[in-house]
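So the structure is just underneath, and the comments pick up after that.
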Amino acid sequence: MVVDQKQKTAVVDEPTPTGVSVAIGWTVMIGAALLAGGVFSSAELPARTLVMCVAAGGYAAVVADLRAVAAVTGLGMATFVGFLAHHFGDLSAGGDAWSYAVVIAFAATLGAGYRWLRSMTPAAD
């Protein structure tokens, strides 16, 4: 039996694959939806929206991959409309659920903007 003495180690500076980022974000959004559904009643849509907005904005502020942020935000909006605003995954029911979902997208946009501002190098004086 021969032992390979020159094993390669993982490079730390490589970005996280998009699929992994989406899976992590999707887990965060499902957790936020479970929290919002458990804490607030179905009549309290603004409070449920706030929980989803904090999750989407926080995720967008941490993850650099905008494709993952867009996918997670879209999935989070669909989860909000289908399961928090309407029951049983109905995405086409009437009401103002999609107008609340737009606020989730706005929160993710703010989070991505915050990440972009943090990544800028300060101007030299």
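The values are calculated or read from the model by the stated rules, or taken from the named source; none is laboratory data. In this text, all values refer to a predicted model and were calculated from it rather than measured experimentally. Here the Cβ is made from the backbone with ideal geometry for all residues, glycine too, and neighbour counts use every protein chain on show. When the accessible area is computed, the model is the full protein with side chains, heavy atoms only, and any ligands, DNA or RNA have been set aside. Shrake-Rupley method; radii C 1.70, N 1.55, O 1.52, S 1.80 Å.
Going 7 Å from the Cα of Ala64 toward and past its Cβ, which residues in the stretch 106-125 have a backbone nitrogen under 12 Å from where you end up?
Hits in the stretch 106-125 for Ala64 at 12 Å: 116, 119-120.
Rounded to the nearest percent, how much of the accessible area of the chain (1.4 Å probe, protein heavy atoms only) is carbon and sulfur?
Working: 5570 of 8250 Å².
With neighbouring chains kept in place, the figure for the chain is 68 percent.
When the dipole is taken about the Cα centre of the chain, and only Lys, Arg (+1) and Asp, Glu (-1) are charged at their Cβ, what size is it in debye, to the nearest 20?
Details: 6 positive and 8 negative charges, 30 e Å.
So the dipole magnitude of the chain works out to roughly 140 debye.
Would you mind checking the tilt of helix 66-79 against the longest principal axis of the Cα atoms of the chain, expressed as 0 to 90 degrees and rounded to 10?
30
Taking Cα atoms, how many degrees apart are the long axis of helix 18-39 and the longest axis of the chain, rounded to 10 and kept between 0 and 90?
Here the helix axis deviates by roughly 30 degrees.
Rounded to the nearest 500, what is the chain's calculated 222 nm mean residue ellipticity when only DSSP H runs of at least 4 contribute -39500 (n - 2.57) each, over all residues?
Working: 4 runs with 77 residues, N = 125.
Calculated from helices alone, the mean residue ellipticity at 222 nm is -21000 deg cm²/dmol.
How high is the relative contact order of the chain, in percent, counting Cα pairs under 8 Å that sit 6 or more residues apart?
Details: 136 pairs, mean separation 35.3, N = 125.
Relative contact order for the chain comes out at 28 percent.
Just to confirm, what accessible area per residue do you get for the chain at 1.4 Å probe, in whole Å²? Numbers along the way, then the final one.
Details: 8250 Å² over 125 residues.
Per-residue value: 66 Å².
Around Ala36, what is the net charge, scoring Lys/Arg as +1 and Asp/Glu as -1 over all other residues with Cβ under 15 Å from its Cβ?
Working: positive: Arg48; negative: Glu44.
Here the count lands on 0.
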